[in-house]
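Colleague: Following this message is one structure expressed as structure tokens.
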Amino acid sequence: MPERPGDRRPWVVLQHADHEGPGSIAAALEEAEIPFEVVRPDRDHAVPLPDEVGGVVALGGPMTAADDTIAWLADERALLAGVVATGSPVLGVCLGAQQLAMALGADLAVGREDAEGEVGLTSVVLTPAGRLDPVLGPEYGGLADPSVACVQWHRDTFTLPEGAAHLAASRRFPHQVFRVGPRVYGFQFHVEIDGPLVDRWRRPLRRAGVDLDGPRLAEAMAVGPRILRRFVAVATGTSGDRRD
């Protein structure tokens, strides 16, 4: 049964590492008074069943989604596929977007350990479909500039699930944002980034030779909450917009 206004089943936030918490996602859910529970599959927390949740957020993590030695990755993909099938909202971020894409039949491309990847402050560009999207598009109160400042931390990438709308791209990793149906979104970049996450990530990124500070950091940190408020409004049917 899909999430509707008045449906108070809690959402589940799947967290996969201590340093990759929900950040601005938690703030957006709390602002909308959506109850949620953080579940840690990496700490042997049980992954819930699809009909037990009102929505799912899958966060990032240092592991690759293709690692078949980590049993809970497959359990999580089964949850994501099941929740999509019920029509409930799903948001995947970084690893979570890769998991979501795979759960919907897409392929994962695993980056080499010596590959550069996308790490630190970067930008993505909205596609024509992205500029018309009810979460991202300016017509709906989304992003006025098609060039979007963001924070990335990944080497892996994915193909698009069949029927997905391709919403944003970067030059090196073209599949940055996708939507399946009206309420299922995958973001390769870290839309959840906020001040506490920046503080937590600065040291490990500096050890990797990446300076997270820069003139577009404030812009990147402002993008996330705007996107997330729109996502929550669309996901819960309170925005007045519907896009199939």
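FYI, it's all coordinate maths here, none of it is from the lab. All values derive from a computational prediction rather than experimental measurement.
Colleague: Running a GNM on the chain with Cα contacts under 10 Å, which residue among 189, 231, 173 ends up with the highest mean-square fluctuation?
Modeller: Greatest mean-square fluctuation among the candidates belongs to 173.
Colleague: Which of 70, 25, 34 ends up with the largest GNM mean-square fluctuation for the chain, with Cα atoms connected below 10 Å?
Modeller: Per the Cα network of the chain with a 10 Å cutoff, 70 tops the list.
Colleague: State the percent of C-alpha pairs, over all pairs in region 21-149, separated by a distance greater than 21 angstrom.
Modeller: Everything past 21 Å amounts to 51 percent.
Colleague: Over all alpha-carbon pairs of region 11-235, lay out the pair-distance distribution in 5 Å bins, whole %, shortest bin first.
Modeller: Pair shares across the bins are 1, 7, 16, 21, 22, 18, 10, 4, 0.
Colleague: Next question, about the same structure. Please list the non-local residues whose amide H lies under 5 Å from the amide H of residue 168, H modeled 1.01 Å from N, same-chain partners needing a gap of 5 or more.
Modeller: 127, 176, 177
Colleague: Report the antiparallel proportion of the DSSP beta bridges in region 11-235 as a percent, rounded to a multiple of 5.
Modeller: The answer is about 60 percent antiparallel.
Colleague: Taking H as built 1.01 Å from N, whose amide H comes closer than 5 Å to the amide H of residue 38, not counting residues under 5 places away?
Modeller: 13
Colleague: Where in the chain are the helices, taken as whole DSSP H runs, whose Cα atoms extend 18 angstrom or more along the long axis and whose Kyte-Doolittle mean reaches at least 0.5?
Modeller: Once both thresholds are applied, what remains is 71-86, 217-235.
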